[in-house]
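What follows is a short report on a single structure.
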Amino acid sequence: MIHKLLRSVETLAPVLRAAAPQADQLARLPKPISSALVQHELLRLWIPQSLGGLELSLPDALQVYEAAARIEGSAGWAVMIGCGGGLFAAYLNHDAAQALYGSPVAVIAGSGAPTGEAERTAEGYRVSGRWRYASAADYATTFTANCRITENGSAVLDATGAPLIRAMAFDASQVTVLHTWNTSGLRGTGSDDFEVRDVFVPRSHTFSVLTDTPRETGPLYRLPFGVLTELPVSAVALGIARHVLEAFETLAQRKKGYGSGRLLAHDAGVQRQFAQSWASWRVAQAGLHALAAEAWQAALANQPLSTRTLAEITAGCALCVSQLRSAVGELIALSGMTGIQMDDEIARGWRDLQTVAAHGSVSPLRLSEAGARMLDAR
């Protein structure tokens, strides 16, 4: 299966790269591109097999995310985030999951921030709210969003005394998409805002990845949701960085340095930096794959990941993305004006990588949290 998926990515490479400028202008993927991702089943990697999904292993899925992002950053993000929505099917009863995920064209968009309110009733919830950063909003069939639960207008608290949070699933027809995505990088992801107003959601269409027990029992669904966010986001960063490295290598064979008659490829300083940047990428890739393999082996053995291992994954992903930014950034400086042209693939890759790094799951701020866990100093 993994080889078929990687061949699909390679088959789509020419059209994905050709569409990148248009995706930047539209601030979303052109319709033929999003349709191609759906047609090749690249958004069904983590939908359970019981629903006709692929239920791909973590290491194999990361290969697909990295390969797609190596072709084009926004497409790689679209594949990764679209597949991530498939995980939620494991938390719904079979009939609800079949209704939302059973169609071969099902695409899930959503937001994890609890910026909506769901008033609990006897039959379900009445929901209103607005959420940000819903990648794939323009072609999603279902939206999921975290909400604060209320009853008779007052907040419902969980066992710890904190506001009770649950995710609600909406049909796309119930949602208003607000075209707000205007960023420097990953522009083609179309990560727009969306809102609902007094929409009814039955209880069967709600879930929590933090407190509910998955209905599905496969190893993929035994892994914590945080692990299934941090590692995939980092895999996209790996793919984007690889694209920039390759684009710079091509540039160095044809561009001369400022005030010099030599090609960049023949400059000793450029040679040294390129070797260092490439080695940094290779080390980051190896580290990420090792973390994923460790997590997957634990899932196969039905063993929970220790607090220490979870902290190491968090730290490893944050450091991986940070090192990739440094490695690529040094090459951007050596690329001259090419690295700041809006329509150049090197510049686009750099902007995309910076945008991935802004995702909270791989923020440098996570290093302090991870270190505190390792040292038991919380």
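Read-outs throughout are calculated quantities, based only on the coordinates presented, and are distinct from any laboratory measurement. Here the structure is a predicted model, which means the values were calculated and not measured. Note: ideal-geometry Cβ built from the backbone for every residue, glycine included; neighbour counts use all protein chains shown.
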>> So for each of 352-359, 274-281 I average, over its residues, the number of other beta carbons within 10 Å; can you give me the resulting order with the highest mean first?
In response: 352-359, 274-281
> Under 17 Å Cα-Cα from residue 31, which aspartates and glutamates qualify once same-chain neighbours fewer than 8 residues away are excluded?
Replying inline: 41, 72, 138, 192
> At what distance in nm do the modelled label points of residue 152 and residue 303 sit from each other, each positioned 7 Å from its Cα along Cα→Cβ?
Replying inline: 5.0 nm
> What angle do you read, to the nearest 10 degrees and between 0 and 90, between the alpha-carbon axis of helix 2-26 and the longest principal axis of the chain?
Replying inline: 80 degrees
> Full extension from residue 253 to residue 173: what is 0.36 nm times the residue separation minus their Cα-Cα distance, to one decimal in nm?
Replying inline: 23.7 nm
>> Among [x] 1.02; [y] 1.20; [z] 0.93, only one was calculated for this model; which label is it, if the read-out is Cα Rg over 2.2 N^0.38 Å?
In response: [x]
> Counting alpha carbon pairs within less than 8 Å and at least 6 residues apart, what relative contact order, in whole percent, applies to the chain?
Replying inline: 17 percent
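Using a Förster distance of 30 angstrom, determine the FRET efficiency expected from the C-beta separation of residue 159 and residue 293, and round it to 0.05.
With R0 = 30 Å, the Cβ-Cβ based efficiency is 0.30.
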> Can you give me the Cα centroid spacing of the stretch 185-259 and the stretch 306-378 in angstrom?
Replying inline: 14 Å
> With a ≥ b ≥ c the root eigenvalues of the C-alpha gyration tensor of the stretch 1-139, is it rounded (a/c under 1.5), prolate (a/b larger than b/c) or oblate?
Replying inline: oblate
>> Starting from 0.36 nm per residue, how many nanometres of slack lie between residue 3 and residue 103 once their C-alpha separation is accounted for?
In response: 33.6 nm
